[in-house]
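Novice: Structure provided below as structure tokens; questions to follow.
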Ligand SMILES: NC(=O)c1ccc[n+]([C@@H]2O[C@H](COP(=O)([O-])OP(=O)(O)OC[C@H]3O[C@@H](n4cnc5c(N)ncnc54)[C@H](OP(=O)(O)O)[C@@H]3O)[C@@H](O)[C@H]2O)c1
């Protein structure tokens, strides 16, 4: 997501633009075209460094230089390996004044999926769950529909639309039989790639998630209807290696993954330090029961000091529910 504004010499807005999508002109190209001659001696504000690779002629850095812009204010350099400072260098060599870092944090947040993918080769991972006020994601019999209210569920569909892929563990498919599609009104709804993590290929062909646009991540070879079966390395206990799955998704240019549970997959993703952000919908219900699961299975940590801390919290009211989101603090020394 990139936006640009050109101010003329007097500081009036002369052009504005944003990148509308793949194959479309970049933001600065749009803003400069709109500004025309008024760009001469003016200032360009942009949240991402102009690129230097020839996606069109001239490339963005050259277009800025040719426009006669005097100063360029850039929020962040582009982590794409084809750029990484080359745009700034090109501008400076052409004696354009360049300031980098204005609202850098906000710019990184805006493009957090892209930044994570370009820096690590892996997608940005959001873990999402709905729980009761007493921290249960299902009753002791496995019933989980619905713990959260309608507004929360609509929000969750928007999250699916925003992410490239949605991922669940095989037990969630067996228990809930979800379709994992983004069901929203209006046009332009994006359907995420659907991923089921299923080491032993236990999924039934009749499961609602099985179809085109579905990947079954497994440790075995086989066929499941129209879904794509992807064989991956196994962990010591014979389960799909989640870091390898993330690498594979990154190679396929899947830059964001929404993990929708269940408890075992959430715990495994977290303990592999693959989760970047958490969305917890909290419904005003009390479920109780020692056997009823919480959002995270696995073994959990032994000591509170080892608990995963969240930062940059946000709390939103959605109908009668609360949505709490935060970023995961990775304990690299664990
Ligand atoms: N309230 C909510 O937001 C919500 C959301 C989703 C689910 N749920 C509830 O959660 C329950 C299901 O959750 P669950 O915890 O039992 O199962 P799950 O997380 O859906 O699936 C776990 C399974 O995934 C497979 N798996 C493959 N690779 C793995 C790996 N590296 N690490 C861990 N697991 C791996 C394992 O089976 P294999 O070894 O056979 O591969 C494992 O048993 C249901 O009751 C469902 O209704 C609630």
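Novice: For the stretch 149-202, which residues satisfy the criterion of being without any contact (Cβ under 8 Å) to a residue 40 or more places away in the chain, within 9 Å of the ligand (Cβ to nearest atom) and closer than 18 Å to residue 252 by Cβ?
Specialist: Within the stretch 149-202, 196 is the sole residue that qualifies.
Novice: I'd like the full set of residues that are touching a residue at least 12 places away in the same chain (Cβ under 8 Å), near the ligand (Cβ under 10 Å from one of its atoms) and in a loop (DSSP other than H, G, I, E, B), limited to the stretch 223-236.
Specialist: Hit for the stretch 223-236 is 232, nothing else.
Novice: So, one more: Return the pair list, or none, for Cβ contacts closer than 6 Å from residues in the stretch 132-148 that are on the phi > 0 side of the Ramachandran plot to residues that are more than 6 Å from the ligand (Cβ to nearest atom) and part of a loop (DSSP other than H, G, I, E, B), at least 6 apart or on different chains.
Specialist: 135/294
Novice: Just to verify a result, which residue in the stretch 237-296, among those that are within 14 Å of the ligand (Cβ to nearest atom) and at positive phi, is surrounded by the fewest Cβ atoms within 10 Å (Cβ to Cβ)?
Specialist: Step by step, filter the stretch 237-296, then rank; the result is 238.
Novice: Let me ask you something else. Which pairs have Cβ atoms under 8 Å, sit 6 or more apart or on different chains, and link a residue in the stretch 261-277 that is assigned by TED's automatic domain parsing to the domain that holds residue 136 and closer than 25 Å to residue 108 by Cα to one that is part of a helix (DSSP H, G or I) and within 6 Å of the ligand (Cβ to nearest atom)?
Specialist: 269/242; 272/242; 274/242
The values are calculated or read from the model by the stated rules, or taken from the named source; none is laboratory data. Not measured: the values here are computed from a predicted model. We place every Cβ from the backbone using ideal geometry, glycine too, and count neighbours over all the protein chains shown.
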